[in-house]
1. Determine which member of the set LYS34, LYS45, LYS63, LYS6 is among the charged types (D, E, K, R) and touching a residue at least 40 places away in the same chain (Cβ under 8 Å).
2. From the residues in the range 215-255 that are within 24 Å of LYS286 (Cβ to Cβ) and touching a residue at least 60 places away in the same chain (Cβ under 8 Å), which one is surrounded by the most Cβ atoms within 10 Å (Cβ to Cβ)?
3. Being of a type in the set (D, E, K, R), buried (at least 24 other Cβ atoms within 10 Å of the Cβ), part of a helix (DSSP H, G or I) and modelled with pLDDT of 95 or more narrows it down to one residue among ARG74, ARG19; which is it?
4. Inspect all residues belonging to the range 249-259 and state whether any of them is among the charged types (D, E, K, R), part of a strand (DSSP E or B) and within 15 Å of ALA290 (Cβ to Cβ).
5. Pick from GLY29, GLY126: which is outside any helix (DSSP H, G or I), out of contact with any Ser or Thr (no Cβ under 7 Å at 6 or more places or on another chain) and at positive phi?
6. Looking only at the range 266-279, how many residues end up being crowded, with 21+ Cβ neighbours inside 10 Å and either over 12 Å from TYR296 (Cα atoms) or touching a helix residue (DSSP H, G or I) at 6+ places or on another chain (Cβ under 8 Å) (or both)?
7. From the set of residues in the range 159-194 that are touching an Asp or Glu at 6+ places or on another chain (Cβ under 7 Å) and not aromatic (Phe, Trp, Tyr), which is farthest from MET107 (Cα to Cα)?
Amino acid sequence: MKDLLKKAKQIKLYSVKIRRELHACAELGFEEYKTSKVIQRELKKLGIPFKIAAKTGVVALIKGAYAGKVIAVRADMDALPIKEETGLPFASGHKGIMHACGHDVHMACVLSLAKLLSEMKKELKGSVKLIFQPHEEMGKFNLDGAKKMIEDGVMKAPVPEAVIGLHVHPPLKTGAIELNYGKIYANADVFEIKVKGSGGHGSAPEETIDPVIAAAAIIMNLQSIVSRNVSPFFSAVISITMLKAGETTNVIPPEVLMLGTVRTLDNDTKKLVKRRMQNIISSTAKAFGATAGFNYIDGYPYFSNNSALAGLIEKAAAKIIGKNNVYISTQPSMGGENFGHFAKLAPGCYFNLGVADKKKKKPLKLHNSKFDIDENALYWGTAILAQACFDFLDKK
């Protein structure tokens, strides 16, 4: 019987060291050059062949002693444009950029998995493909690290028969995971609205077509889509997240720019929301004498965990952390994850890893400038991934 937890604990110092080095060199999407070099360096040390994909991404393959199936394990690489305020000795060395979403942990777990499996090749009945993917965080239109990795062939030669991944989950205690058998993440789309009017002096609004007033009405009217057009049995979110208008106090600007996101859990609702947004934006602007341009961009697709793979991971995790520490959720997230692109090409399963420090009363939220984890979570995550890989490859 393989004692994978024991082996993962034995390399804890390695896991922590790598996580801290990756945390310190936090980089934004498609700019993960230092991060990529760390990953490449470690794979070279382990004698694992790899290729570069999607500019900064890395794909590696661990071949076992026996021919068999192929399973892929994915880790995202990028950080967020957040000024770190943790005070940690290994805090980000890049000003205004921080691993506030735990991608340093994901990479450390998968590199630790690589180290563990490279020492157990004789017991491996098949191959494990490691996918280190750039640009998971949404932020720039039409930039998607998962799509680019797929375009560069990472899901081919060899073709994986399953793909798994994990994400840190600060509400959950270290030594536990959360797993969902159904829908897990939403369609995550973005949009741009430009409202054009006719600017003028702030003291004489009657001589202008005020795009600010039109934009305000558009913002309020868009919220009626969720409350009055989407069935209460389905889910949707429409959020304006950026609003830019004017430069000073006494000038009504000629234009307003708005950016935002739409989240839906099925494609029919997505189509409905998109159609209603177009109608409301154009008609509301017209009512104020203004015009409005609307650009809707498809983002990350919604996805559901493959039930058979979820069952395998549930059993694998139970071997490592005990079945009482495997929490089954039925609530999907309205968050977005471009892991869904991989899950379209092979059965996929994504689970949440508990990282909450039991000594702290209140866990810090993701995307927080002071976010940190209990580093014991590293060996739990590594062991669960390893067990899932072995169980999948051992199963006929």
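1. Only one candidate qualifies: LYS63.
2. Only one residue fits best here, namely ILE218.
3. ARG19
4. Within the range 249-259 (the criterion being among the charged types (D, E, K, R), part of a strand (DSSP E or B) and within 15 Å of ALA290 (Cβ to Cβ)), the answer is yes, since at least one residue qualifies.
5. GLY126
6. Looking only at that region, the number is 3.
7. LYS194
The rows are residues; the columns are (1) buried (at least 19 other Cβ atoms within 10 Å of the Cβ); (2) within 17 Å of the chain's Cα centre (by Cα).
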{"residue": "GLY145", "(1), (2)": "yes, yes"}
{"residue": "ILE150", "(1), (2)": "yes, yes"}
{"residue": "LYS156", "(1), (2)": "no, no"}
{"residue": "VAL159", "(1), (2)": "no, no"}
{"residue": "PRO170", "(1), (2)": "yes, yes"}
{"residue": "ALA176", "(1), (2)": "yes, no"}
{"residue": "ILE184", "(1), (2)": "yes, yes"}
{"residue": "ASP189", "(1), (2)": "yes, yes"}
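The values are calculated or read from the model by the stated rules, or taken from the named source; none is laboratory data. If you're wondering where the values come from, they're calculated on a predicted model, not measured in any experiment. Because the Cβ atoms are built from the backbone with ideal geometry, glycine has one as well, and the counts that use them run over all protein chains shown.
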